[in-house]
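Student: Once you've had a glance at the structure underneath, I'll fire off some questions.
The values are calculated or read from the model by the stated rules, or taken from the named source; none is laboratory data. The structure displayed is predicted, hence computed values, not measured ones. In this analysis, Cβ positions are derived from the backbone assuming ideal geometry, glycine residues included, and neighbour counts consider all displayed protein chains. SASA here: full protein model, heavy atoms, side chains in, ligands and nucleic acids out. Shrake-Rupley method; radii C 1.70, N 1.55, O 1.52, S 1.80 Å.
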Amino acid sequence: MVGPYSPPMEIEITDIPSLQPGEISLVEMHSLLNVLNVLQGELILIGLHLADDADLLRQGLAICNRVKASFTDPVVAQQFAARLPSDAHIVLTEIAQATARHSGRADDPELQESLANIRSVIHILEVRAQETKARTGEPGRWIEYALDELHEDFLDVFAAIEKNSKGRYHIIYNLARQLPTDYYVGFAIESANARTVAMPLFFKDVMRDLIANARKYTAPGGTINVGLHETETELRFVVQDTGRGIPPDEIQTVVHFGRRGSNVQQVRTMGGGYGLTKAFIITKRFGGRFWIKSELGVGTRITIIIPRPAPATAS
């Protein structure tokens, strides 16, 4: 006889195994790693469209590999921002030269889409590079964002996620418009003063990573709800999806470095399995608490609460 259904409990994650300096560096650069993987994928697609050669854009691919390899060295990783303008110029020049050499295929619609996406990806890298520079000197700094601007920033994040799908799915914000291949996203940001919200510099990265995770492990047609709420004493962030969920006996360990749920090993991702690790580390770095609630086939809910610093330490 089957007993009564018992809904899953919210589990607080309080500790993970210690990380080496190179692993911490890789975790902190996780968002950039994701974007570089997208860039590398687009370079391969352009080579295939132009000349049926995945290695056609060798310089650009080599730059991506070199930069990603540097992320395991905390000192070298911080040089990424300084080298980005030169690296971006090399990538764009190589693409232009290759397109000129293979002009017979230059009008291919899929090629044009990849070319447009390249510039979008490089712009995202430029923004992330500036954020990386900003937090290098003051890793513990909190910063205030205008609510409207922060909301627009994350609409841009969702737009970039959708664009990278190349039409496989759409992200919509009105439930009445949702089709079977659409993700419905509920997204809300609130604060005590209704004008601005303060958060650690790293926390935008955490939000982006957890939102991307929710999308990756939720099938089209699913729902992703995201909320950020700031009071005078704490910052609370929640992301909830209707995705695959996490096996119950893995919830405590899925946060460990490089670990992914055994039920999602075959899912193609652009990251290295560091998103939850990064979110946990940053939460703890700022004195916060971290919970996971998950059920297989139903979805996952991540909750983060970080105490606000004294007003004099936020800027």
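Student: Tally up the residues in segment 115-134 that are without any contact (Cβ under 8 Å) to a residue 40 or more places away in the chain and within 14 Å of the chain's Cα centre (by Cα), please.
Tutor: Count: 1.
Student: From (1) touching a residue at least 40 places away in the same chain (Cβ under 8 Å); (2) open to solvent by 20 Å² or more (accessible area, probe 1.4 Å); (3) under 16 Å from residue 129 (Cβ atoms), pick out the condition that doesn't hold for residue 71.
Tutor: Going through the list (1) touching a residue at least 40 places away in the same chain (Cβ under 8 Å); (2) open to solvent by 20 Å² or more (accessible area, probe 1.4 Å); (3) under 16 Å from residue 129 (Cβ atoms), residue 71 breaks only (2).
Student: Can you pull out the residues in segment 210-219 that are open to solvent by 10 Å² or more (accessible area, probe 1.4 Å) and closer than 27 Å to residue 308 by Cβ?
Tutor: 212, 213
Student: Here is a follow-up. For residue 99, work out the one condition from (1) polar (S, T, N, Q); (2) surrounded by fewer than 18 Cβ atoms within 10 Å (Cβ to Cβ); (3) under 25 Å from residue 205 (Cα atoms) it doesn't fulfil.
Tutor: That leaves (3) as the condition not met.
Student: Could you check how many residues of segment 1-53 are in a loop (DSSP other than H, G, I, E, B), open to solvent by 30 Å² or more (accessible area, probe 1.4 Å) and modelled with pLDDT under 90?
Tutor: Final tally of qualifying residues: 9.
Student: Evaluate segment 220-240: report whether one residue or more is acidic (Asp, Glu), under 23 Å from residue 278 (Cβ atoms) and open to solvent by 50 Å² or more (accessible area, probe 1.4 Å).
Tutor: yes
Student: Here's a follow-up. Considering each residue of segment 258-289, count those that are touching a helix residue (DSSP H, G or I) at 6+ places or on another chain (Cβ under 7 Å), among the charged types (D, E, K, R) and modelled with pLDDT under 90, and give that number.
Tutor: 0
Student: Would you mind stating whether residue 255 is assigned to a loop (DSSP other than H, G, I, E, B), of a type in the set (Val, Ile, Thr), within 20 Å of the chain's Cα centre (by Cα) and at pLDDT 90 or above?
Tutor: yes
Student: Hey, can you tell me all the residues within segment 149-208 that are among the β-branched types (Val, Ile, Thr), over 30 Å from residue 26 (Cα atoms) and either open to solvent by less than 10 Å² (accessible area, probe 1.4 Å) or free of Cβ contacts under 8 Å to residues at least 40 places away in the same chain (or both)?
Tutor: Result: 172, single match.
Student: To continue, here is another question. What's the number of the only condition in (1) within 17 Å of residue 112 (Cβ to Cβ); (2) touching a Cys at 6+ places or on another chain (Cβ under 7 Å) that residue 36 fails to meet?
Tutor: Going through (1) within 17 Å of residue 112 (Cβ to Cβ); (2) touching a Cys at 6+ places or on another chain (Cβ under 7 Å) one by one, residue 36 breaks only (1).
Student: Can you find, within segment 102-114, the residue that is farthest from residue 56 (Cα to Cα) among those that are open to solvent by 60 Å² or more (accessible area, probe 1.4 Å) and not acidic (Asp, Glu)?
Tutor: Checked segment 102-114; the qualifying residue farthest from residue 56 (Cα to Cα) is 109.
Student: Next question. Suppose we filter 99, 132 for residues that are more than 29 Å from residue 273 (Cβ to Cβ) and part of a helix (DSSP H, G or I); which single one remains?
Tutor: Of the residues listed, the single one that is more than 29 Å from residue 273 (Cβ to Cβ) and part of a helix (DSSP H, G or I) is 99.
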